[in-house]
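We did not get these values from a lab; they are worked out from the coordinates using the rules stated. Fair warning: this is a prediction, and the values are worked out from it, not measured in the lab. Cβ placement follows ideal geometry from the backbone for every residue including glycine, while neighbour counts extend to all protein chains displayed.
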Amino acid sequence: MIGELLPLFPLRMVAFPNCSVPLHIFEERYKAMVGLSLKNGSEFGIVLAEGKGIVNVGCTVSIDAVVERYDDGRMDIVCVGKRRFEILTLDQEEDLLRASVQYFDDDDSASTPALRLEALSAWEQAKPLLQERPQERIDPTVPQLSFRLADAVPELDARQVFLELRSEEERLKQIAAYFGGYASRLARITHARRVAPTNGHAALAPRDSRHE
């Protein structure tokens, strides 16, 4: 359905439904946005920010907890992902970016127990190789299991693909393949970085931050 204008928070991250999203809020416009969300219990949308703009599909979040408030108004908050949306039109009349959006869910939400266990097993095997290792144990029967597993994926492009897919079965298949081949993928990346020529300066990897 199409609702009222949704406040957007462009970030170098991809949020998923039912997954935790920690944020550090320090810019004035986003302090105001978070304040309004706390007051009204309303959602705001997180969209992946790229060099040339923002992507067209994001996920709304609601604030689950305020972890810390600082004297200068900054906040550490924890949100939880809610609804996926597609941007129809952008409103840039105010300092805060807003959009008219179309919310959507899966066209096909069914998945077999065998596929869920296959994806979960691949995720478990890849955990020791992940930079941010998930500590939780995941029940294979939870709704939209794929998003819980995909939240451990570090590559933003892959996360965005999983967010946009409208089939739980297809997401689980791709997640099983992704984590099943993670060791070989990581080895290729490490090798490429080791043998790549440099210009004599140390190169810093792009920062994948959950902050503004």
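Dipole of region 6-104, Cα-centred, from +1 at each Lys and Arg C-beta and -1 at each Asp and Glu C-beta, to the nearest 20 debye? Walk me through the numbers before you get to the answer.
Values: 11 positive and 14 negative charges, 67 e Å.
Its charge dipole is roughly 320 debye.
Close amide H contacts of Ala49 (hydrogens built in the peptide plane, cut-off under 5 Å, sequence separation of 5 or more or a different chain): Leu11, Arg12, Met13.
Annotation for region 105-166: trypsin sites (Lys or Arg not before Pro) lying in DSSP loop with at most 16 further Cβ atoms inside 10 Å of their Cβ are Arg137, Arg166. Computed over the alpha-carbon pairs of region 6-104, the distance histogram in 5 Å steps reads 3, 13, 25, 27, 20, 9, 3, 0 percent, short to long.
Rounded to the nearest 0.05, what FRET efficiency is calculated for Glu155 and Asn18 with R0 set to 30 Å and r the Cβ-Cβ distance? It would help to have the intermediate numbers written out before the result.
Values: r = 21 Å, r/R0 = 0.68.
Once rounded, the FRET efficiency stands at 0.90.
May I ask you to derive the FRET efficiency for Val142 and Ser42 from their Cβ-Cβ distance with R0 = 22 Å, giving the value to the nearest 0.05?
Numbers: r = 26 Å, r/R0 = 1.17.
Efficiency computed from Cβ-Cβ geometry: 0.30.
Maximal additional length on extending the Asp72-Thr89 stretch stands at 2.7 nm, based on 0.36 nm per residue less the C-alpha distance.
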